[in-house]
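Inspection log for the structure reproduced underneath, given as structure tokens.
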Amino acid sequence: MSQDTTTSVKSKTIIDAVQPTEDTLSSRGGLSLVARFVRHGGWLEQIASSFTGLRKSRKGQPVDEVFKQLICFFFDGTRRHLVHFDHLKNDAGHAAVIETEPGQMLSSHAVKRFFMAFRQHHLPKFRELLRHWFIAELCAEKPAVILLGLDSVVLDNDEALKREGVHPTYRKVKGFEPLQLSWGRQVVDVQFRSGSRHSNHGEDAFLMIQRAVRAIRASYREDVPIIVRMDAGFLDQAIFEWCEAEQVGYICGGKLYADIKATAAGIAPNLWSRFERPGQVWQYVEWADRRGSWKRFRRAIFCRPFYEGSQMLMDFARPDNLIYTNLGMGLPLDQQLRAVGRPDLFAAAAIIQCYHERGSDELVHRAFKDFGFEQLPFHRFVANAAFYYVMMLSFVLFELFKQRVCAPVIPVTAYASSLRRRLIDMAAKIVRHGGRVILKVPRAVYEHLNFERLWQNTAAAG
């Protein structure tokens, strides 16, 4: 009979008991990089200088310390409820990782009092900070052409308790509808609004574009070509007229009124042009269009997909698009584009491609929602607005953190959930030795993430 091999061998690795430890440990060791990044980059000083009046007495924590803990809270993303601060207050490991004295840790009540202290006149300061950081990125990257994307974002608060400003939105949920201007992965400006404010409500979009353009020309370059792309929700003669007067390019979706469809239907098939991209073929035709209240004709491009992948679409299944633009109209803006070597943007095919790349602008909205959360915690509108703006500031710092610190290890296109699992959620031990505070991480993690290089990058992030 063969030897029985089913008998288990007693292992020395089996855990026999569990005991508490007085060691300073943390399961969010990667937050040490975040705290070091915001400290060395000078971000906290800029934020605190804008909100010095929020601290009413010496009893409370300094404003920069409050913002640092809030930024780390959003970076962590473990929980979205403010009561999580009560747990963090008693976690010595978390305090050590974010470089905060245990006695300075915020409670949930302190956080609530902080946001309830905001008033309406504080909110524009958040937007000034965003524009300031955007200009700093422009000066660092020096783009030849600046392409801005304007869109509204719905924050779904349908299942939340009653909130000031929560109203039905176009997505058929109750919530807020902020307006957002972006440049690539960088947020240029945002305006927190109630759900009843549609995309082009009042002068919100007009003033946002105006402020951004003036900031770019005053602090970056006066002659840089600027192009704003928008969907049909921002079809507004006032925006078009201002852009034309200030030599700002626009690529905006149009509305398919009956006369537009009739004009397109009456154009002979041989007059349509084709625009091909991998996996897609478009048919397009252009003409000068003038709506009833417009004072002038504008360039209009009517396009529709001909193929979707390898499948040809029937006429009734083709989603039509109308695009208005002032590019290629012989304006001084065209001379600016020629001067930087971009006359290719005058072609109808390039304009169609640029318009359909608005999907990359919406990726910023998706990344923000993955980083933060949509349901806001307060009943008062201003408190929720301040909470949203702090979350947005944290998101912008998150994008800068990926670019300046994590790029050698984690791609800049990574979403927050991916970065948190790979970098933030790591075991760490904080020890004091020889008058120094030392962060210790597992050797496998240290070598896999090249942690020493990431640590050095945080010091050079400013």
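Each reported figure results from applying straightforward, stated rules to the coordinates on display, with no laboratory input. Fair warning: this is a prediction, and the values are worked out from it, not measured in the lab. Quick reminder, even Gly has a Cβ in these numbers, built from the backbone with ideal geometry, and neighbours come from all protein chains shown.
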Charge tally for neighbours of Gly372 with beta carbon under 12 Å away, counting Lys, Arg as +1 and Asp, Glu as -1, is 0
Cβ density ranking, 10 Å radius, fewest first, applied to Leu44, Leu423 yields Leu44, Leu423
Could you give me the ³J(HN,Hα) list for the range 260-268, computed from phi with Karplus coefficients 6.51, -1.76, 1.60 and θ = phi - 60°, whole Hz, x at Gly and Pro?
-> 5, 5, 5, 5, 5, 5, x, 7, 4
Would you give the gap between the C-alpha center of the range 200-237 and the C-alpha center of the range 264-304, rounded to a whole Å?
-> 25 Å
Anything over 21 Å Cα to Cα? Flag those among Lys68/Lys402; Lys369/Lys402; Lys89/Lys112; Lys12/Lys440; Lys59/Lys429, in the order listed.
-> Lys12/Lys440; Lys59/Lys429
If you put +1 on each Lys and Arg Cβ and -1 on each Asp and Glu Cβ, how big is the dipole of the range 121-371 around its Cα centre, in Debye rounded to 20?
-> 220 debye
The alpha-carbon center of the range 143-167 and that of the range 409-429 are separated, in whole Å, by 26 Å
Mind putting together the pair-distance distribution for the range 121-371? All Cα pairs, 5 Å bins, whole percent per bin, short to long.
-> 1, 5, 12, 16, 18, 17, 13, 10, 5, 2, 1, 0
When the distances between all Cα atoms of the chain are binned every 10 Å from zero, what whole-number percent does each bin get?
-> 4, 17, 25, 22, 15, 9, 5, 2, 1, 0, 0
Out of the DSSP beta bridges found with both residues in the range 121-371, what percent are antiparallel (nearest 5)?
-> 85 percent
Dipole-positive endmost among Ala245, Phe192, Phe114 within the chain (Cβ charges, Cα centre) | Phe114
Long-range amide H partners of Leu148, meaning residues 5 or more apart or on another chain whose placed amide H is closer than 5 Å, are Ile227, Val228, Arg229
Please report how far the C-alpha centroid of the range 28-70 lies from that of the range 319-379, rounded to the nearest whole angstrom.
-> 34 Å
Three-way shape call for the range 189-229 based on the alpha-carbon gyration tensor, with the a/c threshold at 1.5 = prolate
Using the number of other C-beta atoms within 10 angstrom as an exposure proxy, rank Glu177, Glu164, Glu222, Glu286 with the fewest first.
-> Glu222, Glu164, Glu286, Glu177
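Residues with beta-carbon under 14 Å from that of Ala339, excluding Ala339: net charge, scoring Lys, Arg +1 and Asp, Glu -1?
Numbers: positive: Arg221, Arg338, Arg342; negative: Glu222, Asp223, Asp334, Asp344.
Summing Lys/Arg as +1 and Asp/Glu as -1 gives -1.
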Projected onto the charge dipole of the range 121-371 (unit charges on the beta-carbon of Lys, Arg, Asp and Glu, signs +1, +1, -1, -1), the Cα from Phe302, Asn326, Ile146 with the largest positive-side position is that of Asn326
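Can you list, largest first and rounded to whole Å, the semi-axes you get for the range 164-293 by taking the square root of 5 times each eigenvalue of its Cα gyration tensor? Provide the component values of the computation, followed by the final result.
Values: eigenvalues 176, 98, 51 Å².
Over the Cα atoms of the range 164-293, the ellipsoid semi-axes are 30, 22, 16 Å.
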Determine, for Phe51, Phe373, the number of other Cβ atoms within 10 Å of each Cβ, and report the residues in order from fewest to most.
-> Phe373, Phe51
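Taking 8 Å as the Cα distance limit and 6 or more residues as the minimum spacing, I'd like the relative contact order of the range 310-462 as a percentage. List each step's numbers first, then the result.
Details: 73 pairs, mean separation 21.4, N = 153.
Dividing the mean separation by the residue count of the range 310-462 yields 14 percent.
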Compare the peptides 259-265, 448-454 by average per-residue count of other Cβ atoms within 10 angstrom and give them in order, highest first.
-> 448-454, 259-265
What angle, in degrees between 0 and 90 and rounded to the nearest 10, separates the Cα long axis of helix 63-76 from the longest principal axis of the Cα atoms of the chain?
-> 80 degrees
